[in-house]
Amino acid sequence: MTVPGRWSPLPPPGRLRTLALATLANTVGSGLWLAGAPLYLTRDVGLSPASVGLGLTLAGLLGLTAAVPLGGLADRRDPRTLRALLQLLQAAVAGAYLLVASFPAFLMVAVLDALLTAGNLAVRAALVAAVGGPAGRVQAFATLRAVANLGIALGAGLAGFALAADTHLAYQVLVVGNATTYLVSAALLMRLPGYPPPAAPARPATSGRARALRDLPFLAVSGASAVLALHATVLTLVVPLWTVSRTGAPPAVVSAVLLVNTSLTVLLAVRLARGADTAVPAAAAMRRAGLVLAVAMLLYAATTGRPAGPATGLLLLATAVYTVGDLWHSTAGAGLAYGLAAPESIGAYQGVDGLLAGLARAGGPALLTWAVLDGGVAGWCALALLFALVGLLVPTLTRRALAGGAGQAANDLPAPAPGAGARRRAAGRP
């Protein structure tokens, strides 16, 4: 884990450091592509902005179908080797953007990219669980999130050189750079030891994928977390549009808002993850996340019609509050997704959790732009109420899931239901 007081989010030497370096390499490429893809696809390839948006939306929805199958595969195979293989495939697909010259070709490459990305996220969650172990996986998740934000920021900064040059060669270098980071990440992943799955008992059993999809208490908790995940669309889409249309703040404040969020994430991700290692404390953290996000929505609402100075101050304050809620939600979501999963089906459960979050991300832009940009202050207040209510509901949903599930040790419940503790002890800790 990271040492308090260190400026670098990288953990001390060891397996988590190796995984963090692989994440850093991967997310530098993510930053390159996120910053450069819109201009590359429109200015260099020649696609229209509408076709790019449509293609990415379709690809994102289709890509979600890979999360559960590949997450389940990570339960039956070594997640390190599987993730490295997926990184190699992603390098090939990222390089294929050089060959895109039409919308059908773009859509085909984007769909392949989205399938690999969604599946890779589920496999990554299984690998983080293997590297961190039951007691350290949530802290490991938080560490990697801080590292990922640093990588994205570095990649976005590097992409600025290509965007400033605005030439065919510069965009090609950007695409090749993104593909190369996948190769570097795969090589670093292979420096980790293998994590073969434990031998499963020879018995007819429901597959991990089917079990995760039928686990209604888990789906309820994960669905609540997915509702709170709508907040990501608030920061990346709603706040920028709101800033330039409903406040007196200058457009440059949008960059300052994102910088505040990224900087605080790097500094606070690990610190705010403490205490969310098991399901009950993670549910309490999720409740705090919902309430803090609600406060942030009300602060954003308060910027309506204000002149540049006050609007800028409120936007930055709201973003600082938002980031605390965002980090609590992220680590609490990881703690719940790990803690409520069947121990032998960690990957499949992470895939289902990712699927629900992905559906929320897909529907978020249309829903929130309508609710907030059309609804104004009333829309912000409705969103704040939604976040607060969902956050307050999560502890109850979690206790119900624990009472009937095998994902937690018996002492995680103050008063376990009759028979539940024995089932959990028989299953063991993941």
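The order of R43, R80, R361 by accessible area, most exposed first and with a 1.4 Å probe, is R43, R361, R80. Across M286, M108, M297, mean-square fluctuation computed from a Gaussian network of the chain (C-alpha pairs under 10 Å connected) peaks at M108. The modelled label-to-label distance for the pair L267/L367, using points 7 Å beyond Cα in the direction of Cβ, is 3.2 nm.
Each Lys and Arg adds +1 at its Cβ and each Asp and Glu adds -1 at its Cβ; summed about the Cα centre, the stretch 257-358 shows a dipole of about 360 debye. Counting only Cβ charges, +1 for Lys and Arg and -1 for Asp and Glu, the dipole size of the stretch 37-180 around its Cα centre is about 440 debye. Within the assembled protein chains, the solvent-accessible surface assigned to V176 is about 70 Å², based on a 1.4 Å probe. The gain in end-to-end length when the A256 to T167 segment is fully stretched comes to 29.3 nm, 0.36 nm per residue minus the alpha carbon separation. In this structure T262 has an accessible area near 40 Å², from a 1.4 Å probe over the protein heavy atoms. Note on Y97: accessible area is roughly 10 Å² with a 1.4 Å probe, heavy atoms of protein only.
Per residue, the accessible area of the chain comes to 41 Å², computed with a 1.4 Å probe over protein heavy atoms only.
Across all Cα pairs in the stretch 282-324, the calculated P(r) in 5 Å bins from zero up to the longest distance comes to 5, 26, 27, 17, 12, 7, 4, 2 percent per bin.
For the stretch 373-403 versus the stretch 37-86, the spacing of their alpha-carbon centroids is 29 Å. In a fully extended conformation the segment linking T236 and R17 would gain 75.9 nm over its present Cα-Cα distance, using 0.36 nm per residue. Projecting the Cα atoms of P193, G290, N261 onto the charge dipole of the chain (Cβ charges, centred on the Cα centre) puts P193 farthest toward the positive pole. Annotation: extensible slack from A135 through R288 equals 52.9 nm (criterion: 0.36 nm per residue apart, minus Cα-Cα distance). The packing ranking, built from the mean of other Cβ atoms within 10 Å per residue, places the peptides 86-96, 374-384 in the order 86-96, 374-384, highest first. Shown for the chain are the DSSP H helices of 27 Å or more along their axis, judged by Cα atoms, with a mean Kyte-Doolittle hydropathy of at least 0.0: 15-39, 103-165, 168-189, 253-273, 279-301, 308-339, 346-368, 377-404.
Modelled spin labels at A382 and L99, positioned 7 Å past Cα toward Cβ, are 4.6 nm from each other.
Note: relative contact order over the chain, using C-alpha pairs below 8 Å and six or more positions apart, is 23 percent. For the listed peptides 223-229, 151-157, a ranking on the average number of other beta carbons within 10 Å per residue, highest first, reads 223-229, 151-157. Tell me which label goes with the value of log10 I(q)/I(0) by the Debye sum over Cα atoms at q = 0.08, 0.09, 0.11, 0.12 Å⁻¹ computed from the coordinates here: (i) -0.42, -0.53, -0.79, -0.93; (ii) -0.44, -0.56, -0.85, -1.03; (iii) -0.59, -0.73, -0.97, -1.07. Recomputing log10 I(q)/I(0) by the Debye sum over Cα atoms at q = 0.08, 0.09, 0.11, 0.12 Å⁻¹ here gives the entry labelled (ii).
Annotation for the stretch 91-113 versus the stretch 282-311: alpha-carbon center distance of 39 Å. Taken over the alpha carbons of the stretch 295-377 as equal point scatterers, the Debye sum produces base-10 log I(q)/I(0) values at 0.12, 0.16 Å⁻¹ of -0.53, -0.79.
Each Cα pair under 8 Å and six or more residues apart adds its sequence gap; the mean of these over the residue count of the stretch 178-317 is a relative contact order of 26 percent.
By accessible area, using a 1.4 Å probe on protein heavy atoms only, the chain has 70% of its surface on carbon and sulfur. Between rounded, prolate and oblate, where does the stretch 65-167 land on the alpha carbon gyration tensor, with a ≥ b ≥ c its root eigenvalues, rounded for a/c under 1.5, else prolate if a/b exceeds b/c? Here the stretch 65-167 falls in the oblate category.
The values are calculated or read from the model by the stated rules, or taken from the named source; none is laboratory data. All values reported here derive from a predicted model rather than from experimental measurement. When we count neighbours, we look across all protein chains shown, and the Cβ atoms used for this are built from the backbone with ideal geometry, even at glycine. For accessibility, only protein heavy atoms count, side chains too; no ligands or nucleic acids. Shrake-Rupley method; radii C 1.70, N 1.55, O 1.52, S 1.80 Å.
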